[in-house]
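Comments concern the structure below.
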Amino acid sequence: MIGFVRGRLVSRSGTDALVDVGGVGYRVAMPIRALASLPGVGEEVVVHTHLHVREDALSLYGFPTAEERDLFESLIGANGVGPKLAVTILSILPPNDLRRAVAAADRDALCLVPGIGQKTASRLLMELHDRLGAHAELPALDGTGRLSEVRSALEALGYGGDEVRSALADLPEGDDTGELSRHALRSLGAER
């Protein structure tokens, strides 16, 4: 098992980063938010990793913190969630938002992820609540279902699913629902 890699960032693409560790380049698949948080090319980086072994491939998935890696491992332990879907979930929902969604049983938050519908979200919420245990009991610091409220507001204004997903993927943490709605509208270029 490869627990982390420390080395020089050689490049990054939309889905992965290439890290040079002692002359060996490790291609590490990462959530979009994690890729965006990496330092510039040529700088030293530490990436906490999970090595996923399949019959036909060895794939390395990376995260900025060990806590996020552990959350990824909880996700892939859920029925029907593979590493690619888990990375997509963590690209759309930051770890604290995912924990809050699980604690609040917020199906709409999970439905923001492409490929997850109402039935899958319901099943995942049940499994993740069990898997995350005490971690899922974190209080919803900024109100239960804040993503759901912003999503409903955007849909009421006529925005489609892809536009809503795009706007919600860029939301900052810790703001009130009104501020989040304004931020989402700005990202859509619609605020007057």
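The values are calculated or read from the model by the stated rules, or taken from the named source; none is laboratory data. This structure is a prediction, so every number in the text was calculated from the model and none was measured. Here the Cβ is made from the backbone with ideal geometry for all residues, glycine too, and neighbour counts use every protein chain on show. What goes into the accessible areas is simple: the full protein's heavy atoms, side chains included, and nothing from ligands, DNA or RNA. Shrake-Rupley method; radii C 1.70, N 1.55, O 1.52, S 1.80 Å.
Per the conditions (1) out of contact with any Asp or Glu (no Cβ under 7 Å at 6 or more places or on another chain); (2) closer than 17 Å to Leu35 by Cα, the sole criterion not satisfied by Pro95 is (1). I'd like the full set of residues that are open to solvent by 80 Å² or more (accessible area, probe 1.4 Å) and in a loop (DSSP other than H, G, I, E, B), limited to the range 19-45. Hits for the range 19-45 are Gly22, Val41, Glu43. Report yes if some residue within the range 49-71 is more than 30 Å from Arg123 (Cβ to Cβ) and either touching a Lys or Arg at 6+ places or on another chain (Cβ under 6 Å) or hydrophobic (A, V, I, L, M, F, W, C) (or both); otherwise report no. No; the residues of the range 49-71 include none that is more than 30 Å from Arg123 (Cβ to Cβ) and either touching a Lys or Arg at 6+ places or on another chain (Cβ under 6 Å) or hydrophobic (A, V, I, L, M, F, W, C) (or both).
Among the residues of the range 57-115, those that are part of a loop (DSSP other than H, G, I, E, B), within 13 Å of the chain's Cα centre (by Cα) and within 20 Å of Val28 (Cα to Cα) comprise Pro64, Thr65, Leu93, Pro94. Open to solvent by less than 40 Å² (accessible area, probe 1.4 Å) and under 18 Å from Glu149 (Cα atoms): which single residue out of Ala66, Ala109 fits that description? Exactly one residue qualifies, and that residue is Ala109. Screening Gly7 against (1) closer than 23 Å to Ile89 by Cα; (2) more than 16 Å from the chain's Cα centre (by Cα) leaves a single unmet condition, (1).
If the condition is being open to solvent by less than 80 Å² (accessible area, probe 1.4 Å), of a type in the set (A, V, I, L, M, F, W, C) and modelled with pLDDT of 75 or more, then the range 137-163 contributes Val150, Ala153, Leu154.
If the Cβ limit is 7 Å and pairs must be 6+ apart or interchain, which residue in the range 64-85 that is farther than 21 Å from Gly3 by Cβ pairs with which residue that is in a loop (DSSP other than H, G, I, E, B)? Qualifying pairs under 7 Å: Leu85/Gly115.
For residues that are of a type in the set (Val, Ile, Thr) and surrounded by 21 or more Cβ atoms within 10 Å (Cβ to Cβ), scanning just the range 82-106, find the one that is nearest to His129 (Cα to Cα). Only one residue fits best here, namely Val102. Going by the conditions given, is Asp176 touching a Pro at 6+ places or on another chain (Cβ under 9 Å), modelled with pLDDT under 80 and open to solvent by 40 Å² or more (accessible area, probe 1.4 Å)? Here the answer is no, as Asp176 does not meet what is asked. For the range 9-18, filtered to residues that are farther than 21 Å from Gly82 by Cα and in contact (Cβ under 8 Å) with a residue 24 or more places away in the chain, the residue that is least open to solvent (accessible area, probe 1.4 Å) is Leu9. Which residues, taken from the range 52-63, are in contact (Cβ under 8 Å) with a residue 12 or more places away in the chain and open to solvent by less than 40 Å² (accessible area, probe 1.4 Å)? Passing the criteria: Ser59, Leu60, Tyr61, Gly62, Phe63.
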